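The numbers here are math on the coordinates, done by the rules we state, and not lab data. Just so we're clear, the structure is a prediction, and the values are computed from it rather than from any experiment. Cβ coordinates were reconstructed from backbone atoms using ideal geometry, including for glycine residues, and neighbour counts include every protein chain displayed.
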Amino acid sequence: MKKTIARPKGFRPPAPSGPAAPAEKARDGDGGPGTAAEPMDAARQAEAFESAAVLFHAGQFRPAQELFRQAAHGPSREMAHSALLHARMCQRRLERAELAPRTPEEHYDFAVALVNERRIGAAEEHLRAALAQAPESDHLYYVMALCRGLGGDLAGAYTHLKRAIELRPQNRIAARNDPDFAEIGQQPPLAELLYPERTRAG
């Protein structure tokens, strides 16, 4: 289990938002690539801004960005300034969307990083997404067992770890030697799963 991951693959910090440029100097840096827009009158500027705002709140950031960039060239400096800020916000949302995990392994890497930060609920979301795509992946069940155990659900931890061991028996030894399982692995029902020889001896 790769629990030493410091941050997910492909991670980039969001681009910092600097001070807004004057409306009349809107360029490629005002929220994304594109060509300079033609000046527009106040009515067209307001229409473009309002349409962009609707798209923005609907999560359609690419078309919203283009309309905000157009509105940045209108006569109202206040509206143009707001349009530039929103165009930059669209760009950041688009960049984050490109970094969103898609494959089971990308979800796994995100989950491991979140477990390291003890953000258990968020880690489980990524693991569920990964298991939906790769339901026979033992390492996903292993980390899900750890999440359940750290969250206090020992029965759930047992179920997932049992499945991880069924898929790959070496996971029993891995969990025995895993510091994250050190405490919860000594409690029932995980103890019976990890140390079956104790049950037989008893």
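List, in order, the whole-Hz ³J(HN,Hα) value for each residue of segment 145-158 obtained from phi through the Karplus relation with A = 6.51, B = -1.76, C = 1.60 and θ = phi - 60°; use x for Gly and Pro.
Each residue of segment 145-158 in turn: 4, 5, 4, 4, x, 5, x, x, 9, 6, 5, x, 4, 4 Hz.
Given the peptides 138-147, 60-69, 119-128, 177-186, arrange them by the average over their residues of other C-beta atoms within 10 Å, most packed first. Show your work: numbers first, answer last.
On the way: 138-147: 24.4, 60-69: 21.8, 119-128: 18.1, 177-186: 14.8.
With the highest mean Cβ count within 10 Å placed first, the list reads 138-147, 60-69, 119-128, 177-186.
In 5 Å bins starting at 0, how do the alpha-carbon pair distances of segment 104-201 split up by percent?
Each 5 Å bin holds this share of Cα pairs: 3, 15, 26, 26, 19, 7, 3, 1, 0.
Once you have the alpha carbon radius of gyration of segment 59-136, what is it after dividing by 2.2 N^0.38 Å, with N set to its residue count? Please report the intermediate quantities before stating the final value.
Numbers: Rg = 18.4 Å, N = 78, 2.2 N^0.38 = 11.5 Å.
Compactness ratio reported: 1.60.
Hey, got the dipole for segment 48-202? About the Cα centre, +1 on K and R Cβ, -1 on D and E Cβ, debye to the nearest 20?
Details: 19 positive and 20 negative charges, 33 e Å.
My answer is approximately 160 debye.
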